[in-house]
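Enquirer: I'd like to ask you about the structure that follows.
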Amino acid sequence: ERFIREVDTLARLDHPAIVRVLSGGDDSEKGVLYLFMDYIEGEDLETRLKKGPLSTAQTYNLMRQVVSGLAHSHARGVTHRDIKPANILLNEQLSPKISDFGLARPVGEHESDTAYGTPGYTAPEVVHNPSAVDESTDLYSVGVMLYELLTSKRPEQLYMPVANLVQCDPRFDDII
């Protein structure tokens, strides 16, 4: 059921920053679930970051596209719920494609869920209040990811502004 829901969810989303699903389904006779989607030549953002930091300009451009893709998803009533570098695929030009909508749900359908994303990227209110999941949950994850892209680490309990850690425009702190 979850797989079929992911296929249906992705099929409704058509944006340059979201991996496009071509088709998918359940071949019950063979016991196989299948998903055909665009092949993205490259790597995920988590793997890319292990090679070294992106420039501030690259980070800005990449995150601008990710946020645009999420806005498209949110406008169609779908929250991703697991935004993190491993779920952002990159081509050679560093154009992002949001992938892995396996935890995605229509806004408001979260009360019975037990999976909420990845620790460190998940908004704190989600752990204790599943009904708090909405578009802002994805935006929290975007803020964590932006911080990580700029500083090479996730924010800690005692928050230190990005501009205090790396040379960047202090307006990034306002965005985060």
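The values are calculated or read from the model by the stated rules, or taken from the named source; none is laboratory data. Quick caveat, the model's predicted, so the values are computed rather than measured. In this analysis, Cβ positions are derived from the backbone assuming ideal geometry, glycine residues included, and neighbour counts consider all displayed protein chains. Ligands, DNA and RNA are excluded from the accessible area calculation, which covers all protein heavy atoms including side chains. Shrake-Rupley method; radii C 1.70, N 1.55, O 1.52, S 1.80 Å.
Enquirer: How much area per residue is accessible in the chain when the probe is 1.4 Å and only protein heavy atoms are counted (Å²)?
Expert: I get 55 Å² per residue for this part.
Enquirer: May I ask for the percentage of alpha-carbon pairs in the chain that lie more than 26 Å from each other? Provide the component values of the computation, followed by the final result.
Expert: Details: 4816 of 15400 pairs.
Value for the chain (Cα pairs over 26 Å): 31 percent.
Enquirer: Any idea which of Gly117, Pro85, Ala11 is furthest toward the positive side of the dipole for the chain, if Lys and Arg beta-carbons carry +1 and Asp and Glu beta-carbons -1?
Expert: The residue sitting most towards the positive pole is Pro85.
Enquirer: Counting only protein heavy atoms and using a 1.4 Å probe, what share of the accessible area of the chain belongs to carbon plus sulfur, as a whole percent?
Expert: Carbon and sulfur: 50 percent of the exposed surface of the chain.
Enquirer: Probe radius 1.4 Å, ligands and nucleic acids left out: which of Glu29, Glu156, Glu135, Glu125 has the largest accessible area, and how do the rest follow?
Expert: Largest to smallest exposure gives the sequence Glu29, Glu156, Glu125, Glu135.
Enquirer: For Arg48, Arg154, write out the residues from largest to smallest accessible area, computed with a 1.4 angstrom probe and no ligands counted.
Expert: The residues order as Arg154, Arg48, largest area first.
Enquirer: Here is a further query. Just flag the GluC sites (Glu not before Pro) in the stretch 33-77 sitting in loop per DSSP whose Cβ has no more than 12 other Cβ atoms within 10 Å.
Expert: Listed in order of number, the matching sites are Glu41.
Enquirer: Can you give the accessible area of Met63, probe radius 1.4 Å, in Å² rounded to 10?
Expert: For Met63, solvent-accessible area is about 10 Å².
Enquirer: Where does each of Ile176, Ile40, Ile98 land when they are ordered by accessible area, with a 1.4 Å probe and the largest first?
Expert: Descending accessible area places them as Ile176, Ile40, Ile98.
Enquirer: Which lysines have a Cα lying under 23 Å from the Cα of Lys50, excluding residues fewer than 8 positions away in the same chain?
Expert: Cα-Cα hits under 23 Å: Lys84, Lys97, Lys153.
Enquirer: Could I ask something else about it? Compute, for the stretch 41-88, the length of the dipole vector about the Cα centre, with Cβ point charges of +1 (Lys, Arg) and -1 (Asp, Glu) only. Units Debye, rounded to 20. Before the final figure, lay out each step's value.
Expert: Details: 7 positive and 5 negative charges, 30 e Å.
For the stretch 41-88, the charge dipole is close to 140 debye.
Enquirer: OK, next. Using +1 on the beta carbon of Lys and Arg, -1 on that of Asp and Glu, and nothing else charged, what's the dipole of the chain about the Cα centre, debye to 20?
Expert: With only Lys, Arg, Asp and Glu charged at Cβ, the dipole is about 440 debye.
Enquirer: Once you keep just the Cα pairs under 8 angstrom separated by 6 or more residues, what percentage relative contact order results for the stretch 121-176?
Expert: Here the relative contact order equals 26 percent.
Enquirer: Which value, in Å² and to the nearest 10, is the accessible area of Arg64 when all protein chains are kept and the probe is 1.4 Å?
Expert: Around 120 Å² of this residue is reachable by solvent.
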